[in-house]
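Asks: Quick one: structure below, then a few questions.
The values are calculated or read from the model by the stated rules, or taken from the named source; none is laboratory data. Source: prediction; values computed, not measured. With ideal geometry, Cβ positions are generated from the backbone for all residues, glycine too; neighbour counts draw on all protein chains shown.
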Amino acid sequence: MAQLLIGKPIEKLPVEGQACVFLQALSPLPRCSPAPIWYESKAEKSLNAYNLQRKRAAEGGGQCGEGKKQMSAESSLNKAQGVKRKAPLANQQALDKLFSSQPSSKRSPAKLSKPLPFSIATLKQSLNLLSYQNSSSAQGLRLVNRLASHGAWVVLCGRKLMLLNPFRVEEALLFKRLLENNILPTVRLQTPVPLTDGVLGGTEYMDILLNMEKGSPCFNGDINFTDPRLVANGFEIRMIPGSSSSERHVEVTGMADCMPFFGIGDLREILQAIKVRDAKTVAQCRPLKVSNYLESEAVRLVRQLPLNLSRSDVTNTLCRMKQELKEESRVCIHERPFFSRSGHCS
């Protein structure tokens, strides 16, 4: 009845009716729908849960405060009583020491070093024993060890310590071998060079040349000079015989081309060495140009050797030095000594 009267104008009703309608409108609606009931129950549960959590939080805060007060009281009591910490175990001390000794990763890595035991007295004693032992090495020299910083070897000669430069010895040995055995390659001349007394410097030089070793005549009668003093120095010479000595013809058919300005003057130098010094071997009659060329070749070949020679290689070098080089020739091709004084062991 009240719901139907709400939408109608109130002025048309009597005064008593208007009051009744107004009171009925303010009264709550009947709870006949299930949705409001479910929301009210949900709100009631949430309120109960909130009150419960609030109560627990209040109780927990009181307990934490009491615990903190108790801990502070115990710590002050321990300080007052002077309680000492327990000493760590032996294993724990070793672990602490190990970890504390490890370098920090932030620090720069230290250089690796290894201490080596060394004693001057022991070294002198060992050298004294070595000096009295019979050694089959060259000149009584005995290798001690290699000095890597200078590319030299420390050797013991009697009671003297010497520094040996094996490369200088190799230069001298190789240069001596080249002087004795090397044969310069020759190139055939397009136009042979005739040799006369005036070209060679006199009749005595022509006589020396004609008395040198020759080969067998060829089919055409030509005779080639086979003397090693001429062939090794880069000369090919032939003689065309005639009915008389005046008709005899000698000419150069080939010469070495590995040196600049090599020619008849070097041939005259060979003949002069035979005349003045009575040179019998190839090494004794090498022209100056040829000697300088062989020196440069010896230096070039020695520079191709490895920098770190083994002990067996140096021992072999010393043996060859004793056999091939004289006692007074202990210098390289640049007049530098093989050995330098290092010290004296007394």
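Asks: Could you tell me whether the range 299-310 includes any residue that is modelled with pLDDT of 85 or more, over 14 Å from residue 153 (Cα atoms) and touching a Cys at 6+ places or on another chain (Cβ under 8 Å)?
Replies: Within the range 299-310, not a single residue is modelled with pLDDT of 85 or more, over 14 Å from residue 153 (Cα atoms) and touching a Cys at 6+ places or on another chain (Cβ under 8 Å).
Asks: Quick check: anything in the range 162-178 charged (D, E, K, R), in contact (Cβ under 8 Å) with a residue 12 or more places away in the chain, in contact with a Leu (Cβ under 8 Å, 6 or more places away or on another chain) and surrounded by 13 or more Cβ atoms within 10 Å (Cβ to Cβ)?
Replies: Within the range 162-178 (the criterion being charged (D, E, K, R), in contact (Cβ under 8 Å) with a residue 12 or more places away in the chain, in contact with a Leu (Cβ under 8 Å, 6 or more places away or on another chain) and surrounded by 13 or more Cβ atoms within 10 Å (Cβ to Cβ)), the answer is yes, since at least one residue qualifies.
Asks: Looking only at residues that are farther than 18 Å from residue 174 by Cβ and assigned to a helix (DSSP H, G or I) in the range 285-308, which one is nearest to the chain's Cα centre (by Cα)?
Replies: 289
Residue-wise test of (1) closer than 30 Å to residue 331 by Cα; (2) in the same structural domain as residue 282 (by TED's automatic domain parsing); (3) among the charged types (D, E, K, R).
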position	(1), (2), (3)
188	no, yes, yes
197	no, yes, yes
208	no, yes, no
213	no, yes, yes
231	yes, yes, no
238	no, yes, yes
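Asks: Of the numbered conditions (1) in a helix (DSSP H, G or I); (2) under 30 Å from residue 308 (Cα atoms); (3) modelled with pLDDT of 70 or more, residue 52 satisfies every one except a single condition; which is it?
Replies: Every condition holds for residue 52 apart from (2).
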